[in-house]
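Trainee: Attaching a single structure in structure tokens format; questions to follow.
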Amino acid sequence: MKIYIAGHRGMVGGAILRRLQARKDAGEDLELITRTSSELDLTNQADVAAFMAEQKPDAVILAAAKVGGIHANNTYPADFIYENLMIECNVIHQAFANGVTRLLQLGSSCIYPKAVPQPMREDALLTGTLEPTNEPYAVAKIAGIKLCESYNRQHGVDYRSVMPTNLYGPGDNFHPENSHVLPALIRRFHEAARDGLDEVTIWGSGKPMREFLHVDDMAEASLFVMELDKATYDANTEPMLSHINVGSGTDLSILELAQLVARVTGFKGRITTDPSKPDGTMRKLMDVSRLADMGWTATVGLEEGIEGTYRWFLDQDSSAIRT
């Protein structure tokens with residue numbers, strides 16, 4: 001089995017590559033293909049066509065994407081929609097053009113409408129208005145789902161999509177300005193404990209509820225879905241509603257999360273909230289019953305996962321932490 005992992009240097013792609021490499025080291029007959037962005041520009045149609053024609057992979061895992069937080073999405077909306085659409089169009093079409101019958105595309109929970117019933121079910125897709133701050137990115141990821149479904153319908157291939165909840169773990173971005181909430185809290189509480197501060201203030205009321213999934217669980221779920229037999233997959237999906245949510249199925253408040261991070265990092269001071277700052281959506285929880293019915297559930301507990309992520313953070317040098 002010759003597998004191309006697009007985006008192998010990202011947090012999720014890296015975790016998938018580690019899982020596949022472990023299986024190869026254990027004797028499974030796998031050839032793993034990777035290319036850095038400097039070696040292969042996935043937004044360049046001719047380059048992707050030449051690469052696929054030369055490598056002829058048996059399967060493709062599309063974990064490559066342009067990603068960022070609210071600030072980045074608001075500042076560079078054209079970049080987010082253009083680059084993600086180009087990556088998806090080039091990789092998916094050239095996979096088909098070169099005989100790839102099995103492909104897995106990774107998306108995002110932001111595909112769902114802003115005012116969606118909780119927990120978010122797969123059939124909520126395209127039922128309402130998207131969150132404005134990341135609409136361009138969300139539209140691109142929805143297009144990726146529909147590309148896969150359309151190639152399946154017209155050409156009989158087996159292209160699948162998984163939609164993860166908020167991910168965290170080794171390889172995350174801990175930048176002080178553009179990281180997501182969990183790595184941002186890990187860094188802030190680490191620095192507060194290091195500097196002996198007696199108080200950390202978190203944005204908003206602390207009441208919004210969020211779900212988190214460790215990246216190793218996401219990697220396992222991705223391979224589980226990609227390798228699931230077609231009869232089981234088809235029995236649990238629909239031709240034009242084929243994507244699958246991946247999450248832990250549980251959530252907690254931002255304040256509870258901050259308290260957990262404080263405990264892991266050794267911060268002993270006060271945690272206060274700043275209600276003058278925006279809360280964002282009050283709850284975002286994935287309905288993961290479809291995946292559970294297929295036979296997979298998350299295994300990494302949140303405190304265990306945060307402890308491991310914090311150890312990884314401490315092990316990195318300043319460049320890896322992205323200061």
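The values are calculated or read from the model by the stated rules, or taken from the named source; none is laboratory data. Everything numeric here is computed off the predicted structure, so don't read it as measured data. Neighbour counts are summed over all protein chains in view; Cβ atoms, including those assigned to glycine, are modelled from backbone coordinates with ideal geometry.
Trainee: If you check Glu256 against the conditions, is it of a type in the set (Asp, Glu) and within 23 Å of Tyr159 (Cβ to Cβ)? Before the answer, list the steps.
Mentor: Values: of a type in the set (Asp, Glu): yes; within 23 Å of Tyr159 (Cβ to Cβ): no.
Considered against the rule, which asks whether it is of a type in the set (Asp, Glu) and within 23 Å of Tyr159 (Cβ to Cβ), Glu256 comes out as no.
Trainee: Checking the conditions here, which among Leu85, Leu103, Leu126 is in contact with an Asp or Glu (Cβ under 8 Å, 6 or more places away or on another chain) and of a type in the set (A, V, I, L, M)?
Mentor: Only one candidate passes the filter, namely Leu103.
Trainee: For the stretch 302-314, does any single residue satisfy the condition of being touching a residue at least 40 places away in the same chain (Cβ under 8 Å), assigned to a loop (DSSP other than H, G, I, E, B), buried (at least 18 other Cβ atoms within 10 Å of the Cβ) and touching a Gly at 6+ places or on another chain (Cβ under 9 Å)?
Mentor: So far as the stretch 302-314 goes, no, none of its residues is touching a residue at least 40 places away in the same chain (Cβ under 8 Å), assigned to a loop (DSSP other than H, G, I, E, B), buried (at least 18 other Cβ atoms within 10 Å of the Cβ) and touching a Gly at 6+ places or on another chain (Cβ under 9 Å).
Trainee: If I go through the stretch 222-249 residue by residue, how many of them are surrounded by fewer than 16 Cβ atoms within 10 Å (Cβ to Cβ) and either touching a Ser or Thr at 6+ places or on another chain (Cβ under 7 Å) or not in a helix (DSSP H, G or I) (or both)?
Mentor: Total satisfying the criteria: 5.
Trainee: Going by what's in this entry, would Arg9 be described as over 19 Å from Asp217 (Cα atoms), of a type outside the set (A, V, I, L, M, F, W, C) and under 20 Å from the mean Cα position of the chain (by Cα)?
Mentor: Working: over 19 Å from Asp217 (Cα atoms): no; of a type outside the set (A, V, I, L, M, F, W, C): yes; under 20 Å from the mean Cα position of the chain (by Cα): yes.
The answer is no for Arg9.
Trainee: Of these, Ala192, Ala219, which one is assigned to a helix (DSSP H, G or I), among the small types (Gly, Ala, Ser), in contact with a Phe, Trp or Tyr (Cβ under 7 Å, 6 or more places away or on another chain) and in contact (Cβ under 8 Å) with a residue 60 or more places away in the chain?
Mentor: Values: Ala219 fails: in contact with a Phe, Trp or Tyr (Cβ under 7 Å, 6 or more places away or on another chain).
Selected residue: Ala192, the only one of Ala192, Ala219 that is assigned to a helix (DSSP H, G or I), among the small types (Gly, Ala, Ser), in contact with a Phe, Trp or Tyr (Cβ under 7 Å, 6 or more places away or on another chain) and in contact (Cβ under 8 Å) with a residue 60 or more places away in the chain.
Trainee: If Asp79 satisfies all but one of (1) surrounded by 14 or more Cβ atoms within 10 Å (Cβ to Cβ); (2) under 20 Å from Asn134 (Cα atoms); (3) touching a residue at least 40 places away in the same chain (Cβ under 8 Å); (4) not basic (Lys, Arg), what's the number of the condition it fails?
Mentor: (3)
Trainee: From the set of residues in the stretch 12-33 that are among the hydrophobic types (A, V, I, L, M, F, W, C) and farther than 12 Å from Leu106 by Cα, which is nearest to the chain's Cα centre (by Cα)?
Mentor: Filtering the stretch 12-33 for residues that are among the hydrophobic types (A, V, I, L, M, F, W, C) and farther than 12 Å from Leu106 by Cα, the one nearest to the chain's Cα centre (by Cα) comes out as Ala15.
Trainee: Which of the residues that make up the stretch 82-134 are over 17 Å from the mean Cα position of the chain (by Cα), among the aliphatic types (A, V, I, L, M) and either crowded, with 20+ Cβ neighbours inside 10 Å or over 30 Å from Met1 (Cα atoms) (or both)?
Mentor: If the condition is that a residue be over 17 Å from the mean Cα position of the chain (by Cα), among the aliphatic types (A, V, I, L, M) and either crowded, with 20+ Cβ neighbours inside 10 Å or over 30 Å from Met1 (Cα atoms) (or both), then Val91, Ile92, Ala95, Val100, Ala115, Val116, Ala124, Leu125, Leu126, Leu130 are the ones that fit.
Trainee: Residues in the stretch 246-269: is at least one among the charged types (D, E, K, R) and at positive phi? Steps first, answer last, please.
Mentor: Narrowing the stretch 246-269 to residues among the charged types (D, E, K, R): 251, 256, 263, 268.
Cutting the leftovers down to at positive phi gives us none.
Taking every residue of the stretch 246-269 in turn, none turns out to be among the charged types (D, E, K, R) and at positive phi.
Trainee: Restricting to the stretch 63-76, name every residue that is exposed (fewer than 15 other Cβ atoms within 10 Å of the Cβ) and out of contact with any Gly (no Cβ under 9 Å at 6 or more places or on another chain).
Mentor: Pass one, the stretch 63-76, residues exposed (fewer than 15 other Cβ atoms within 10 Å of the Cβ): 70-71, 74-75.
His71, Asn74 - these are the residues of the stretch 63-76 that are exposed (fewer than 15 other Cβ atoms within 10 Å of the Cβ) and out of contact with any Gly (no Cβ under 9 Å at 6 or more places or on another chain).
Trainee: Another question about this same structure. Do you know which residues across the stretch 258-296 are surrounded by 12 or more Cβ atoms within 10 Å (Cβ to Cβ) and of a type in the set (Ser, Thr, Tyr)?
Mentor: Of everything in the stretch 258-296, those that are surrounded by 12 or more Cβ atoms within 10 Å (Cβ to Cβ) and of a type in the set (Ser, Thr, Tyr) turn out to be Thr265, Thr272, Thr273, Thr281, Ser289.
Trainee: Can you tell me which residue is nearest to Tyr4 (Cα to Cα) among those in the stretch 136-161 that are in a helix (DSSP H, G or I) and small (Gly, Ala, Ser)? Spell out the reasoning first.
Mentor: Going through the stretch 136-161, the residues in a helix (DSSP H, G or I) turn out to be 136-155.
Narrowing the set further to residues that are small (Gly, Ala, Ser) leaves 138, 140, 143-144, 150.
Numbers: Ala138: 24, Ala140: 21, Ala143: 21, Gly144: 18, Ser150: 21 Å.
The selected residue is Gly144.
Trainee: Does Glu131 satisfy the criteria of being modelled with pLDDT under 95 and of a type in the set (D, E, K, R)?
Mentor: Details: modelled with pLDDT under 95: yes; of a type in the set (D, E, K, R): yes.
Here the answer is yes, as Glu131 does meet what is asked.
Trainee: Among the residues that make up the stretch 178-185, is at least one of them over 18 Å from Phe313 (Cβ atoms) and not aromatic (Phe, Trp, Tyr)? Steps first, please.
Mentor: First, pick out the residues of the stretch 178-185 that are over 18 Å from Phe313 (Cβ atoms): none.
No, that holds for no residue.
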